[in-house]
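To start, the structure under review is shown below, and the notes come after it.
Every number here is computed from the coordinates shown, using simple stated rules; none is lab data. Source: prediction; values computed, not measured. For neighbour counting, all protein chains shown are included, and Cβ atoms are generated from backbone atoms with ideal geometry for every residue, glycine included.
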Amino acid sequence: MPNRQLTRSTSNRIVGGVAGGIAAYTGIDSGIVRLITALLVLFTGIGLVAYIVLWIVLPSDNGGSTGLDQIIGTLKSGNQNSNPNPDDYR
């Protein structure tokens, strides 16, 4: 049996690829996973929390970064642009 890992999908995604990744991992249609997630969000709120947590911790299926890596990268690039070089104003 091959070693499977739960990842975010880069090809079957609408928002963050979490539902597509869960669908690929379990073999369930991604529409059903999205429907279950939507129902959990509407009736319990736990679906949104779970989706965000999974987006943060799951790596993408192409061996890429996690959502947390993307957030940190955005913050770092934003900080570099918000601290201009004082020599630029001369």
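Per residue of the stretch 59-67, what does 6.51 cos²θ - 1.76 cosθ + 1.60 with θ = phi - 60° give for ³J(HN,Hα)? Whole Hz please, x for Gly and Pro, Karplus curve as stated.
Using θ = phi - 60°, the values come out as x, 6, 6, 8, x, x, 8, 8, x Hz.
Measure off 7 Å from each Cα along the Cα-to-Cβ vector at Ile14 and Ala50, then give the distance between these two points in nanometres to one decimal.
Those two pseudo-labels are separated by 1.6 nm.
In whole Hz and in residue order, list the ³J(HN,Hα) couplings for the stretch 24-29 that follow from phi through the Karplus curve 6.51 cos²θ - 1.76 cosθ + 1.60, θ = phi - 60°; x for Gly and Pro.
Each residue of the stretch 24-29 in turn: 5, 5, 8, x, 8, 4 Hz.
Could you work out how far apart the two model spin labels at Ile28 and Phe43 are, taking each label as a point 7 Å from the Cα in the direction of the beta carbon, and quote it in nm?
So the label points at Ile28 and Phe43 sit 1.3 nm apart.
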